[in-house]
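All remarks here apply to the structure that follows.
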Amino acid sequence: AQSVTQPDIHITVSEGASLELRCNYSYGATPYLFWYVQSPGQGLQLLLKYFSGDTLVQGIKGFEAEFKRSQSSFNLRKPSVHWSDAAEYFCAVEPGTASKLTFGTGTRLQVTL
Amino acid sequence: GAVVSQHPSRVICKSGTSVKIECRSLDFQATTMFWYRQFPKQSLMLMATSNEGSKATYEQGVEKDKFLINHASLTLSTLTVTSAHPEDSSFYICSASAPGRVSNEQYFGPGTRLTVT
């Protein structure tokens, strides 16, 4: 069965600092990969997704993610974090057969001023 | 585009009563809708997948007689929590997907906070 690991439960960064959130997946083939953000009490907003092609994916709000097949990773990055980026971030995978998403456990990002 | 709404956003009900949550795709036809449950500070757990006009497929451990799902139209799915108990208190989120849109992308609703007293 597929699984998603987000090893960092909680990360704190200073505003203006760079950010990298880790995501590793376990699946036989390359799945579709997603990063979502959730503000407290809100639904999920899609930041970016990878289906195929260029392994560096650009998303909204200045985020990007890089798919590394050899490491089964899809880490999310942002060069300069803003205080408004404080939220919960979820990595998710889907086998690519129009079936269901499997979410990681999430990483809570705190931004200090 | 690709807006999904949920109603209500918050609901408080008494133990033993039933509550219905609606999930609507506002600007596209959703052949498939998903219902998730999220406990505080935890990830989303898929409860069931519903396809328009057919019975929902429930995940292991989810009681289909307790969580009734109806997907009667291409824009509306409902989740009814029957005989609710305090342990059913949670954040319920729906999502919708459709053929012809970006492959395999789910569009999420804003969630419904259910509190059972």
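The values are calculated or read from the model by the stated rules, or taken from the named source; none is laboratory data. Just so you know, these numbers come straight off a predicted model, no measurement behind them. So basically every Cβ, Gly included, is an ideal-geometry build from the backbone, and we count neighbours across all protein chains shown.
Descriptive notes on the structure:
- Hits in the range B:8-31 (condition: basic (Lys, Arg) and either loosely packed, with under 14 Cβ neighbours inside 10 Å or within 19 Å of A:Pro40 (Cα to Cα) (or both)): B:Arg10, B:Lys14
- Within the range B:92-106, if we keep just the residues that are more than 18 Å from B:Lys64 (Cα to Cα) and at pLDDT 90 or above, the residue that is surrounded by the most Cβ atoms within 10 Å (Cβ to Cβ) turns out to be B:Ala96.
- If you go through the range A:48-76 and keep only what is basic (Lys, Arg) and more than 10 Å from every other protein chain (Cβ to nearest Cβ), you end up with A:Lys61, A:Lys68, A:Arg69.
- Scan the range B:61-94 for residues that are assigned to a strand (DSSP E or B) and touching a Gly at 6+ places or on another chain (Cβ under 8 Å) and the total you get is 6.
- Checking B:Ser50 against (1) farther than 19 Å from B:Ser9 by Cα; (2) in contact (Cβ under 8 Å) with a residue 24 or more places away in the chain; (3) surrounded by 15 or more Cβ atoms within 10 Å (Cβ to Cβ); (4) over 10 Å from the mean Cα position of the chain (by Cα), the condition it does not meet: (4)
- Lone unmet requirement of (1) more than 18 Å from A:Glu94 (Cα to Cα); (2) within 13 Å of chain B (Cβ to nearest Cβ) for A:Gln45: (1)
- Residue check for A:Ser80: surrounded by fewer than 14 Cβ atoms within 10 Å (Cβ to Cβ), over 27 Å from B:Phe91 (Cα atoms) and among the hydroxyl-bearing types (Ser, Thr, Tyr): yes
- Residue selection: B:Ser5 fails the criterion of being of a type in the set (Ser, Thr, Tyr), surrounded by fewer than 19 Cβ atoms within 10 Å (Cβ to Cβ) and either at pLDDT below 90 or not in a strand (DSSP E or B) (or both).
- Pair list, Cβ under 8 Å, 6 or more apart: the range B:80-96 residue touching a residue at least 40 places away in the same chain (Cβ under 8 Å), other residue buried (at least 17 other Cβ atoms within 10 Å of the Cβ) and in a helix (DSSP H, G or I): B:Val81/B:Asp88
- Residues of the range B:32-45 classified as in a strand (DSSP E or B) and either crowded, with 19+ Cβ neighbours inside 10 Å or not hydrophobic (A, V, I, L, M, F, W, C) (or both), total: 8
- Which listed residue is modelled with pLDDT under 95, farther than 24 Å from B:Glu59 by Cβ and surrounded by 11 or more Cβ atoms within 10 Å (Cβ to Cβ), from A:Tyr27, A:Tyr50: A:Tyr50
- Check on A:Val37, surrounded by 14 or more Cβ atoms within 10 Å (Cβ to Cβ), at pLDDT 95 or above, within 21 Å of B:Val4 (Cα to Cα) and of a type outside the set (Asp, Glu): yes
- Members of the range B:66-98 that are within 17 Å of B:Pro8 (Cβ to Cβ), among the hydrophobic types (A, V, I, L, M, F, W, C) and more than 12 Å from the chain's Cα centre (by Cα): B:Ala84
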